[in-house]
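Student: This is the structure, below, for whatever I ask next.
The values are calculated or read from the model by the stated rules, or taken from the named source; none is laboratory data. Here the structure is a predicted model, which is why all the values come from computation and not from measurement. No Cβ is skipped: glycine too gets one built from the backbone with ideal geometry, and neighbour counts run over all protein chains shown. Each accessible area value is taken on the protein alone, full model and side chains, heavy atoms only, with ligands, DNA and RNA left out. Shrake-Rupley method; radii C 1.70, N 1.55, O 1.52, S 1.80 Å.
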Amino acid sequence: MEVQRNTYLTKIINRMHNGMIKVITGIRRSGKSYLLLTLFRKHLHKIGVREDHILVMEFDRFENRQYRDPYVLLDYLKKQITDDGDYYILLDEVQMLHNFEEVLNSLMRESNLDIYVTGSNSKFLSKDILTEFRGRGDEIHIFPLSFQEYMQVYDGDLYHGWAEYVMYGGLPFVITLKTDEQKVQYLTSLIRETYIKDIVERNTIEKQQKLEDLLNVLASSIGALTNPLKIEATFKSRMHSSISDNTISKYIGYLKEAFMINEAQRYDVKGRKYIGSPVKYYFEDIGLRNARLDFRQVEENHLMENIIYNELRMRGYNVDVGNVNKRYTDKETGSKLTKNLEIDFVANLGSKRFYIQSAYKMPDAEKIKQEKASLLAINDSFKKIIVVKDVIKPYQDEDGILTIGIFDFLQNSDSLEW
């Protein structure tokens with residue numbers, strides 16, 4: 001079973017020989033090693049690179065433990081480099097190499113070496129290594145499987161695939177598991193024994209329970225506007241627990257650094273500026289989100305919104321929450337009033353922009369009017385889209401708004417251009 005992760009493979013190929021260290025980052029178990037050591041290695045073979053010019057080191061293998069010593073590794077690599085041709089250095093789990101930053105900086109001095117690394121756990125995050133290399137590190141961030149990638153290997157129809165994906169997410173190993181029990185056990189253990197432990201160890205957190213409580217709060221409120229002060233109030237009212245907004249901000253930063261959650265800021269469309277707090281948080285993998293809540297709060301409408309957000313980011317878009325003010329006259333008093341309307345997503349990529357609403361269902365004219373209101377309040381010409389759960393033929397109405405089903409949106413990488 002092999003998933004063709006062509007989006008990320010293309011990104012790596014486009015960065016070959018750019019004079020920088022290619023740093024593949026992502027949440028743990030998202031497929032970084034598979035991308036580098038299987039898919040990219042196959043590509044190198046395909047374009048005629050000799051095997052002896054592809055130098056691979058997997059530091060997490062027991063038999064390679066001696067190469068975690070930088071002097072041993074450098075000596076080994078120097079002995080393998082026997083000519084002036086191009087060599088490809090693929091280092092997996094590089095955080096296990098002692099003084100890896102200095103070793104990579106040393107390797108960069110050799111003009112015929114093209115270097116690629118992956119890393120994870122509490123000792124390695126993208127911001128650390130990219131800061132250390134000061135502009136010489138080129139990050140390729142990999143997400144868990146998109147729905148389109150998931151369906152490449154899912155043994156079943158589209159609808160059952162969606163039900164599985166909404167429940168268990170897109171971590172590659174999950175799809176190999178046969179039963180619900182196995183999937184629940186794997187995800188629950190992974191978030192408790194791997195992700196949370198990594199964050200606690202990395203940041204020397206003494207009150208782990210507070211971090212776990214915060215994660216529960218964020219998991220329960222995906223897609224809802226919030227900020228540290230609101231979360232602090234939630235701790236006091238629901239948990240009868242005290243935690244400062246500064247600590248909450250700090251812990252949220254840790255979760256973002258570990259790629260567990262992502263933050264969508266609010267953007268004033270007409271004012272063309274960021275508003276600031278409150279913001280929205282989405283999970284990098286919804287299976288982990290569901291596992292954090294013991295699979296008790298699986299509201300498909302909120303999870304669909306999270307999936308759309310992740311899909312847009314996988315396609316390379318910068319994604320914000322839109323805000324637009326609409327002025328109207330009160331029918332009873334004649335007063336001029338302003339109504340604040342929200343656009344689920346403002347997706348930007350270069351000169352492209354799309355306004356997108358996630359609407360689980362639009363059963364009647366009133367619901368359609370409600371979903372269109374914020375889009376119609378925008379006075380520019382960028383494309384406006386409503387994504388619905390229903391299976392429909394995509395259509396553009398008299399207001400120029402495109403309505404598309406979630407499956408068409410996710411299964412076609414060019415769906416925004418329809």
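Student: In a shell of Cβ-Cβ distance under 14 Å around residue 167, excluding residue 167 itself, what net charge do Lys and Arg (+1) and Asp and Glu (-1) give? Please report the intermediate quantities before stating the final value.
Tutor: Working: positive: 183, 289, 292, 296; negative: 164, 180, 181, 285, 294, 299, 300.
Charge balance near residue 167 sits at -3.
Student: Rounding to the nearest 10 and keeping the result within 0 to 90°, find how far the Cα-based axis of helix 365-376 lies from the longest principal axis of the chain.
Tutor: 60
Student: If we count every other residue with Cβ under 14 angstrom of residue 189's Cβ, Lys/Arg +1 and Asp/Glu -1, where does the sum land?
Tutor: With Lys, Arg at +1 and Asp, Glu at -1, the net is +2.
Student: Another question, then. Going by average Cβ neighbours within 10 Å, how do the peptides 184-196, 164-176, 99-111 rank, with the highest at the top?
Tutor: Listed from highest to lowest mean packing, they are 164-176, 184-196, 99-111.
Student: Of all DSSP beta bridges located in the chain, what percent are antiparallel, nearest 5? List each step's numbers first, then the result.
Tutor: Details: 25 of 57 bridges.
About 45 percent, rounded to the nearest 5.
Student: I've got another one for you. Taking amide H atoms as placed 1.01 Å from N in the peptide plane, list the residues 5 or more away in sequence, or in a different chain, whose amide H sits under 5 Å from that of residue 405.
Tutor: For residue 405, the qualifying residues are 388, 392.
Student: Shifting gears a bit: Pick out, from 392, 43, 159, the residue whose Cα sits farthest towards the positive end of the charge dipole of the chain, with +1 on the Cβ of Lys and Arg and -1 on the Cβ of Asp and Glu.
Tutor: In the chain, that residue is 392.
Student: Using only helices, what value at 222 nm comes out for the chain when you add -39,500 (n - 2.57) per DSSP H run of length 4 or more and divide by the total residues, to the nearest 500 deg cm²/dmol?
Tutor: After summing the helix terms and dividing by the residues of the chain, the value is -11000 deg cm²/dmol.
Student: Quick one, what does Rg over Rh come out to for the range 224-279 if you take C-alpha atoms and the Kirkwood Rh?
Tutor: Reported Rg/Rh (Cα atoms, Kirkwood Rh): 1.05.
Student: Now, a different point. Where the accessible area of the chain is counted over protein heavy atoms with a 1.4 Å probe, how much of it, in %, is carbon and sulfur?
Tutor: Looking at the chain in its full context, I get 46 percent from C and S.
Student: Using a cut-off of 9 Å between beta-carbons, work out the net charge of the residues near residue 406 (Lys and Arg +1, Asp and Glu -1, residue 406 not included).
Tutor: Residues close to residue 406 contribute a combined charge of -1.
Student: Treating the beta-carbon of each Lys and Arg as +1 and of each Asp and Glu as -1, no other charges, what is the dipole magnitude of the range 192-351 about its Cα centre, to the nearest 20 debye?
Tutor: About 640 debye.
Student: Continuing with this model, one more query. Could you tell me which residue out of 260, 318, 415 lies farthest along the dipole of the chain toward its positive end? Charges go on the beta carbon: Lys and Arg +1, Asp and Glu -1, centred on the Cα centre.
Tutor: Result: 318, furthest along the dipole toward the positive end.
Student: A further question on this structure: Can you give me the accessible area per residue for the chain, using a 1.4 Å probe, in Å²?
Tutor: 48
Student: Describe numerically, in nm with one decimal, the distance between label points set 7 Å from Cα along Cα→Cβ at residue 332 and at residue 65.
Tutor: If labels sit at residue 332 and residue 65, their model points lie 7.7 nm apart.
Student: Something else about it: Would you please name the GluC sites (Glu not before Pro) within the range 294-389 that are DSSP coil residues with at most 16 other C-beta atoms within 10 Å of their C-beta?
Tutor: Values: sites: 299, 300, 305, 311, 332, 342, 366, 371; in loops: 299, 332.
Sites meeting the loop and neighbour criteria: 299, 332.
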